Amino acid sequence: MMEKKIIYMDNAATTPVKPEVLKAMLPYFTEKFGNPSGIYSISSDNRSAVDDARALIGTTIGTTPENIYFTAGGSESDNWAIKAAAEAYRDKGKHIITTKIEHHAVLHTCQYLEKCGYEVTYLDVDENGIVDLEQLERAIRPDTILISVMFANNEIGTVEPIAEIGKIAKEHGVLFHTDAVQAYTRLPIDVDAMHIDMLSASGHKINGPKGIGFLYIRKGVKIRSFVHGGAQERARRAGTENVPGIVGFARAAELATEHMEAYTAKERKVRDHMIARIEAEIPYARLNGDRERRLPNNVNFCFRFIEGESLLILLDGKGICASSGSACTSGSLDPSHVLLAIGLPHEIAHGSLRLTVSEDTTMEDADYVVDSLKEIVAHLRDMSPLYEDFVKKNRGDSYVQ
Amino acid sequence: MYSEKVMDHFQNPRNVGEIADASGVGTVGNAKCGDIMRMYLDIDENRIIRDCKFKTFGCGAAVATSSMATELVRGKTVEEAMQVTNRAVMEALDGLPPVKVHCSLLAEEAIHAALWDYAEKNGIKIEGLKKPKEDIGEEEIEEEY
């Protein structure tokens, strides 16, 4: 019999909307439907709901409401930040610095700008995925207009030295954007102390709704309108506000920030338990990402001799939702660019597995997942010609794993 | 994304394993691209495939096509096995998603590679059979990380 219970271990992909969040949102679909730009009372109530949400979100990253611009999500925020900065500062120069491990919303935007005549430096990362600050500083040129480095990596969970990068950017008078989609409400963020000029975040990663995000733009950064056609978002992004989304996002951010310490402590405990058990009980497994500078909810391993998609389907058969950086899951022939950037050979990168927990993940869930994983990895290795070769090659030598 | 038959052959693969002293063994694919298939054939003096086993490193479709290919060639003569094309494997599995069609090609190549090995060992020629491509990338897999 298949296990009926679903164990959701893909919280870096998306999260369920919390009941409190849904409750806060619901009135804004029906009785509180007014366009915030109207002058009648049902509209002005909505106007203040949006204002309150903006103020609340501002406080979660240490800023004031006028610097928060609501968008449709993290990808839009990244696109806006990079394209608009490129356009606004092109008289100063056409050079952008980013890293090889960014989300595709940043990488593909940079590649697009390269086609438009911009130059982009893609910084290397070390074997744990951390940016080299000296390499970053050396890459800055007189025509560099923007540095974009993610706060924490979505695949391997590595947390970048954001405050240090912000300091370098400020010293050189270069704008600094960070994609904080994974870090937002899981790690403390202070845009002033960290010298962040622009920051992207998303609602659905923090138990808020999909289709809502924000871009923080520091006052004085002269980037332009992304959507023309109205006065919304200080005329920088026109369009009637997604009021239920904004209200839900703010409620989710409020809950997550209020409980950040408690939630992330629970996540860390489960994360560390899973990492310890996998390392102790599954041979030829490699932890990807930095051990210390790591998102509280991220577990990422490569299992040699097996392929990620097979692993995911068999885990799904046991009710476990996870993700992989294998080629088969990326829709291309290459495995994840992040795993290649940390120096893994292709065939090992194909065998990656990402498990991202939440504060609701129990130790029992974690144990069930590791137990299932042990069984599945062994089963797939039994089927693997690479494992067969490996075992035959080592037979006669010491017979230890 | 997969048909029920693909899921069945992936979750309950037929004929996984090795054959000691096989009449022919063929390995195709490339670890870099994420698929390697190895086919073992046991062929009797009447050129009938008595047994066929496989080992595969790869996605669900790679495992399912290997499993189905072994089922399709078992009990067949060498000449009949040559007719087991990638299309035949795909049809037997009720189709594959477009991005996975290459897995069925790999299954056909694996059968051919094992037959080639059998033909070489026995100094015989099989009509229409070509030398398989050497493309395994074993040296890469030995790399330590």
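The values are calculated or read from the model by the stated rules, or taken from the named source; none is laboratory data. Note that the structure is predicted; figures quoted are calculated from it, not measured. Backbone-built Cβ (ideal geometry, glycine too); neighbour counts: all protein chains shown. SASA here: full protein model, heavy atoms, side chains in, ligands and nucleic acids out. Shrake-Rupley method; radii C 1.70, N 1.55, O 1.52, S 1.80 Å.
Annotation: residue B:33 carries an accessible surface of approximately 60 Å², with a 1.4 Å probe and no ligand, DNA or RNA atoms counted.
Accessible area per residue (1.4 Å probe, heavy atoms of protein chains only) ranks A:219, A:393 as A:219, A:393, with the largest value leading. Of all beta bridges that DSSP places with both ends in region B:4-122, some 95 percent have antiparallel geometry. Here the spin labels are modelled as points 7 Å beyond Cα on the Cα-Cβ line, and at residue A:265 and residue A:192 they lie 2.8 nm apart. The portion of the accessible surface of region B:4-122 made up by carbon and sulfur, rounded to a whole percent, is 47 (1.4 Å probe; DNA, RNA and ligands excluded). Figure note: B:1, A:260 ranked by solvent-accessible area, largest first, 1.4 Å probe, ligands and nucleic acids not counted: B:1, A:260. Relative to the globular-protein estimate of 2.2 N^0.38 Å, the Cα radius of gyration of region B:4-122 stands at 0.96. Distance between Cα centroids, region A:31-60 to region B:58-74: provide it in whole Å. With region A:31-60 and region B:58-74 each reduced to a Cα centre, they are spaced 58 Å. Split the accessible area of chain A by element, probe 1.4 Å, and carbon with sulfur accounts for 53%.
For the protein assembly as shown, the per residue solvent-accessible surface stands at 42 Å², with DNA, RNA and ligands left out and a 1.4 Å probe.
Projected onto their three principal axes, the Cα atoms of chain A cover extents of 80, 53, 34 Å, largest first. The share of alpha-carbon pairs in region A:254-401 lying farther apart than 17 Å comes to 63%. With R₀ fixed at 41 Å, the C-beta to C-beta distance from residue A:219 to residue A:367 puts the FRET efficiency at about 0.25.
May I ask you to compute the full-extension gain from residue A:114 to residue A:316, defined as 0.36 nm times their residue separation minus their alpha-carbon distance, rounded to one decimal in nm? The residue A:114-residue A:316 span can extend by a further 68.8 nm. At an R0 of 60 angstrom, the distance between the Cβ atoms of residue A:45 and residue B:87 translates into a FRET efficiency of 0.40.
Only bridges whose two residues both fall in chain A count here: according to DSSP, what percent of them are antiparallel, nearest 5? The answer is about 50 percent antiparallel.
Note on region A:183-257: along the principal axes its Cα atoms extend 34, 31, 13 Å, ordered by decreasing extent. With contributions of -39500 (n - 2.57) from each DSSP H run of at least four residues, the per-residue ellipticity at 222 nm computed over chain A stands at -12500 deg cm²/dmol. Only the Cβ atoms of Lys and Arg (+1) and of Asp and Glu (-1) were treated as charged; on that basis the dipole of region B:4-122 about its Cα centre amounts to roughly 280 debye. For the segment B:48-59, counting C-beta atoms of other chains within 10 Å of every residue's C-beta and taking the mean gives 5.
Within the straight-line cut-off of under 20 Å between alpha carbons, the lysines reachable from residue A:219 are A:83, A:92, A:167, A:170, sequence neighbours fewer than 8 places apart in one chain being disregarded. Taking GluC sites (Glu not before Pro) in DSSP loop conformation with at most 14 other Cβ atoms inside 10 Å as exposed sites, chain A has its longest uninterrupted site-free stretch at A:128-291. A 1.4 Å probe, protein heavy atoms only, puts the accessible area of residue A:48 near 50 Å². Measuring only protein heavy atoms, the 1.4 Å probe finds residue A:29 accessible over about 120 Å². List the lysines whose alpha-carbon lies under 22 Å from that of residue A:210, not counting same-chain residues fewer than 8 positions away? Leaving aside lysines fewer than 8 places away in the same chain, those within reach of residue A:210 are A:18, A:23, A:32. Roughly how large is the B-A contact in terms of buried accessible area, totalled over both chains, probe 1.4 Å, nearest 100 Å²? Looking at B and A, the buried total is near 2800 Å².
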